[in-house]
Amino acid sequence: MSLRTFQIRCSRYRLLLLPILMLVALSARSETEEKPVGQLPLQELRTFTDIFDHIRRNYVEDIDDKTLLENAIRGMLSGLDPHSSYLDAETFGDLKINTKGEFGGLGLEVGMENGFVRVISPIDDTPAKRAGIESGDLIIKLNARAVKGMSLTEAIELMRGPTGSDITLTIVREGNTDPFNVVVTRDVIKVASVRSEFLEPGYGYVRIAQFQAQTGTETAAAIEKLLNSKQALNGLIVDLRDNPGGILQSSVDVVDSLLNDGMIVYTQGRLDHSRAEFHARPGDLSNGAPLVVLINSGSASASEIVAGALQDHKRAIIMGTKSFGKGSVQTVLPIADDKAIKLTTALYYTPNGRSIQAMGINPDIVVDRARIEKLGKPSAITEASLNGHLQNGNGKQADSKEPGQSSSHDLQTRDNQLYEALSLLKGLNIMARNKQAVSDNQLVTSAIP
């Protein structure tokens with residue numbers, strides 16, 4: 001078929017197809033000639049316009065050209081990778097709200113896997129988290145409607161709804177033989193990006209739920225709050241479990257607050273502007289306090305940047321389970337006032353040149369989430385409980401109760417990974433004190449004439 005015949009055949013198309021026809025005309029020198037680099041494929045463009053026309057004339061329902069072209073754009077982007085997508089007016093608006101930390105829905109970070117919705121992580125203090133949704137859950141139905149065949153955008157739209165309304169998720173979970181239903185009540189999601197506390201005297205805890213615009217500043221403030229308390233900071237736990245990531249710069253700021261110098265992360269892509277390096281500025285806000293970072297399979301993207309940088313610099317011990325493995329950078333490119341595309345433009349690498357993409361961060365110490373049941377009796381008989389026992393000779397009354405026993409046991413049964421991180425920090429602190437004591441003793445001994 002000649003180009004002229006092809007153009008006549010396509011002349012019935014509306015103005016929305018004119019840019020495509022112009023591209024066809026510009027690229028049609030000769031189908032037998034070798035195509036220069038960057039030249040558009042004529043045959044594939046002919047196929048596209050043929051299919052477009054078939055859908056317009058033969059589909060069971062009438063669909064306008066604008067909708068068809070937007071669907072074509074969605075398909076083009078979704079075929080690239082799981083994270084590139086077309087953002088229409090509604091989804092683009094939602095993205096802007098999400099980065100500020102307040103939005104409506106269930107409180108889930110999700111992706112597509114083999115046609116189903118995979119939960120990357122539930123967000124802290126949201127309906128999904130309270131309902132017991134876990135990282136790795138596979139959602140196969142939404143209100144009894146099969147997810148298979150839906151796009152991720154369609155599935156997300158179904159999960160949205162009026163505040164206070166319920167939705168039933170049918171879930172497949174590893175370790176469960178049969179699918180089961182979970183009812184979740186929709187709500188306005190207000191995400192507290194950072195919270196902090198002392199787990200025990202001297203041992204601080206900073207939880208980062210996701211990386212929003214102000215997360216770096218909030219993390220620095222949380223560390224300074226712990227330092228300004230009336231107790232010493234003997235160790236710090238940074239909890240990144242089920243943190244789906246977020247803004248790259250915020251993750252850089254978090255690492256910057258815990259390092260004195262050195263590279264944090266670098267990105268590489270095809271274009272010059274997608275290549276960048278990020279370095280720490282002088283000043284470790286934690287004053288070199290021992291550091292443990294908790295991660296799991298729900299820790300993704302910006303969380304992995306933090307864990308990878310601190311691991312490469314030997315600044316922290318990474319504990320938990322292998323992270324998600326999202327090592328790509330998405331750039332939001334506006335194409336109109338209310339529309340944009342989210343396009344993967346680069347891969348990021350840790351300071352030692354490790355790519356996290358589809359690999360994840362391996363923890364230094366693997367600790368799986370588990371239910372811990374205490375086997376020992378809380379009222380076990382000891383020497384001190386025997387009638388007529390001898391005194392210890394140091395002038396102190398024997399105490400059968402271990403200090404901090406109750407609170408430690410509660411943490412162990414509630415969150416065994418956090419308990420193990422706290423135990424590790426205590427061990428590191430004891431070793432540091434012992435080394436300092438030996439060093440001081442050697443100095444005193446050498447000073448004696």
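Residue-wise test of (1) touching a strand residue (DSSP E or B) at 6+ places or on another chain (Cβ under 8 Å); (2) among the small types (Gly, Ala, Ser).
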site	(1), (2)
55	no, no
58	no, no
61	no, no
65	no, no
68	no, no
72	no, yes
80	yes, no
90	no, no
94	yes, no
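Exactly one residue among 251, 257, 274 is farther than 23 Å from residue 123 by Cβ and hydroxyl-bearing (Ser, Thr, Tyr), and that residue is 274.
Within the stretch 201-221, identify whether any single residue is over 30 Å from residue 258 (Cβ atoms) and in contact (Cβ under 8 Å) with a residue 60 or more places away in the chain, and answer yes or no.
Here is the first cut: in the stretch 201-221, the ones over 30 Å from residue 258 (Cβ atoms) are none.
No, because not a single residue in the stretch 201-221 is over 30 Å from residue 258 (Cβ atoms) and in contact (Cβ under 8 Å) with a residue 60 or more places away in the chain.
The set of residues in the stretch 232-263 being closer than 27 Å to residue 422 by Cα, assigned to a loop (DSSP other than H, G, I, E, B) and either touching a strand residue (DSSP E or B) at 6+ places or on another chain (Cβ under 8 Å) or in the same structural domain as residue 120 (by TED's automatic domain parsing) (or both) consists of 233, 234, 240, 241, 242, 243, 244, 245, 258, 261.
Quick grid of which residues meet (1) part of a strand (DSSP E or B); (2) modelled with pLDDT of 95 or more; (3) surrounded by fewer than 15 Cβ atoms within 10 Å (Cβ to Cβ); (4) not β-branched (Val, Ile, Thr):
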| position | (1), (2), (3), (4) |
| --- | --- |
| 177 | no, no, yes, no |
| 183 | yes, yes, yes, no |
| 188 | yes, no, yes, no |
| 195 | yes, no, no, yes |
| 205 | yes, yes, no, yes |
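Taking every residue in the stretch 48-74 that is more than 15 Å from residue 87 (Cα to Cα) and pairing it with any residue that is not hydrophobic (A, V, I, L, M, F, W, C), at least 6 positions away or on another chain, the pairs with Cβ-Cβ distances below 6 Å are 65/14.
For residues in the stretch 74-110 being more than 15 Å from the chain's Cα centre (by Cα) and modelled with pLDDT under 75, which is nearest to residue 171 (Cα to Cα)?
The selected residue is 104.
Among the residues of the stretch 264-282, is there at least one that is crowded, with 24+ Cβ neighbours inside 10 Å and either touching a helix residue (DSSP H, G or I) at 6+ places or on another chain (Cβ under 9 Å) or not in a loop (DSSP other than H, G, I, E, B) (or both)? Yes: one or more hits.
So the check is Cβ under 9 Å with 6+ separation or different chains; which pairs have a first residue in the stretch 138-163 that's under 16 Å from residue 120 (Cβ atoms) and a second one that's part of a helix (DSSP H, G or I) and of a type in the set (A, V, I, L, M)? Every condition considered, the pairs that remain are 139/155; 139/159; 147/155; 147/158. For residue 257, indicate whether it is polar (S, T, N, Q) and either surrounded by fewer than 17 Cβ atoms within 10 Å (Cβ to Cβ) or closer than 21 Å to residue 200 by Cα (or both). It is false that residue 257 is polar (S, T, N, Q) and either surrounded by fewer than 17 Cβ atoms within 10 Å (Cβ to Cβ) or closer than 21 Å to residue 200 by Cα (or both).
The values are calculated or read from the model by the stated rules, or taken from the named source; none is laboratory data. On a predicted model such as this, the values are computed, not experimentally measured, just so you know. Ideal geometry is used to build each Cβ from the backbone, glycine not excepted, and the neighbour counts take in all protein chains shown.
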